[in-house]
Structure formats: structure tokens, C-alpha cells
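To start, the structure under review is shown below, and the notes come after it.
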Amino acid sequence: MAQYFEVHPENPQQRLLKQAVTLLERGDIVAVPTDSSYALACHLDDKDAVDQLRRIRQVDEKHHLTLLCRDLSELANYARVDNKQYRLLKAATPGPYTFLLEATKEVPRRVSHPQRKTIGLRVPDHKVLLELLSLHGAPLLATTLIAPGETEALNDAQTIRERFEKQIAAVIDAGACPSQPTTVVDLTPMGSGDDPVVVRQGRGALAVLGL
């Protein structure tokens, strides 16, 4: 059965988050709360964990996985960002946005889009998740927790545990999430002077991006 870490949403218990980090670092999958919905997260550099993440969601390598970062300083290691892109990123982070950017060589080939060589990146505005990322000391790879065959993200930690207890190692329960997906914006056209492209309008307001 998956472990269940019930944490305070504003002052999460460090000892519980450290236990979750230990699971992530040994290659396990953990369900984590975000500022949009619950997500499945794993260690970026663990191929088996990444494969398991895709199996749980039943998505192939063309499905964009997302790097959860603590702040913009981490983005530069994993994505090529020019000044215009950076200004837009700075205006919208932390927040419920996912940005598609050109991946650097630091991103393992198996987690970037196989044809476009892009990666989804985001800096969440969620106290518990940011604390978890800080304790981990590096970005985590994640995907929205949508059960196979469904379209809505799961938002109840107990339900997640019951449905995925044999596939994941733990659930971090910090209460209900907003249950609305992130706004996804493709910034790669900006590299050739074009405008960013809104792939999906979600919780993040487009006005913040000037779109």
C-alpha cells in the first residue's frame, strides 16, 4: 500500500517531506499537490521511474512531461531561454503555467519530445511542493494525475491512494488542489521572432503574459 503523508498546507512537516524525498531518490513515484491539480512526480535521471510514470498515465514518449523547478535559476540548466522569453517567464512565475521550451543537453533525451526536442517547464506556486523541491535539491519530472481513460485530474488524495496504491509509493496530502489544469504556452516560436502560442488555456490568466 502506498504511504500517506498528511501535511499542513502552509507549514508542511519537514520529516514527512524528507521521507517522500527518500522515496523519490530511490526511484519511486509520488503523487504531489500543485497549484493546479495533483501530479505524479519522479526523479529526473531515473529511466525506470520515467517509464513507470508513462505506464501509469498510459502515455507515450510524445506526451510532454514537465520539469517542476523551484525557481527560474534552475530553468537555464534545462532550457534555452533568450531575453524576451525570460521576461515573460519572470512575469508568470511562480504560478499555474507550463512553458514549452527548447531543451538543453542537460535534459535526458528520453524525457524531451522525440521530434521537437522540447520540454515542459514550470515553477509552481504551492508551498508544500516548493518545500519538497527544495529538500530534493533539483527539479522533479511530473505529469498531471489523470487516470487512464479519463479527462479530469484527480483532486482527492484518499481517492488517489485507493486507485493507485499498487503503482505509486506515496501520496502527499496537503488538502484539495484547485482542480484546474495549467495554462500551457509554447515559447519556442519566440526564438525565431514569432509570438508565443497558447496550447491550452487553463488556470493561469493570459493577461499576465500579455496575450
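The values are calculated or read from the model by the stated rules, or taken from the named source; none is laboratory data. Predicted model only: the values in this text are computed from it and were never measured. FYI the Cβ positions are ideal-geometry reconstructions off the backbone, even for glycines, and counts take in every protein chain you see.
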Exercise for the section: Read through the list (1) of a type outside the set (Lys, Arg); (2) over 21 Å from residue 82 (Cα atoms); (3) surrounded by fewer than 20 Cβ atoms within 10 Å (Cβ to Cβ); (4) more than 15 Å from the chain's Cα centre (by Cα), then give the number of the only condition that residue 157 fails. Expected result: (3)
Problem - Qualifying residue in region 103-112 (condition: touching an Asp or Glu at 6+ places or on another chain (Cβ under 7 Å) and at pLDDT 90 or above) - result: no
Handout entry: Check on residue 50, in contact with a Lys or Arg (Cβ under 7 Å, 6 or more places away or on another chain), under 26 Å from residue 180 (Cα atoms), buried (at least 18 other Cβ atoms within 10 Å of the Cβ) and of a type outside the set (Phe, Trp, Tyr)
Key = yes
Practice task
For region 107-123, state whether one or more residues are hydrophobic (A, V, I, L, M, F, W, C) and surrounded by fewer than 19 Cβ atoms within 10 Å (Cβ to Cβ).
Solution key: no
Completion exercise
Among residues of region 173-210 being among the acidic types (Asp, Glu) and in a loop (DSSP other than H, G, I, E, B), the residue surrounded by the most Cβ atoms within 10 Å (Cβ to Cβ) is 195
Exercise for the section: Determine if region 14-31 includes at least one residue that is out of contact with any strand residue (DSSP E or B) (no Cβ under 8 Å at 6 or more places or on another chain), of a type in the set (Val, Ile, Thr), in contact (Cβ under 8 Å) with a residue 40 or more places away in the chain and not in a strand (DSSP E or B). Expected result: yes
Completion exercise
Picked from region 53-84 (must be modelled with pLDDT of 90 or more, within 14 Å of residue 140 (Cβ to Cβ) and touching a helix residue (DSSP H, G or I) at 6+ places or on another chain (Cβ under 8 Å)), the residue surrounded by the fewest Cβ atoms within 10 Å (Cβ to Cβ) is 70
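Matching residues to (1) more than 13 Å from residue 31 (Cα to Cα); (2) touching a Ser or Thr at 6+ places or on another chain (Cβ under 7 Å); (3) among the polar types (S, T, N, Q):
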site: 125; (1), (2), (3): yes, no, no
site: 137; (1), (2), (3): yes, no, no
site: 144; (1), (2), (3): no, yes, yes
site: 150; (1), (2), (3): yes, no, no
site: 155; (1), (2), (3): no, yes, yes
site: 165; (1), (2), (3): no, no, no
site: 170; (1), (2), (3): no, no, no
Problem - Counted residues, region 1-47 - those being out of contact with any helix residue (DSSP H, G or I) (no Cβ under 9 Å at 6 or more places or on another chain), within 22 Å of residue 166 (Cβ to Cβ) and crowded, with 22+ Cβ neighbours inside 10 Å - result: 1
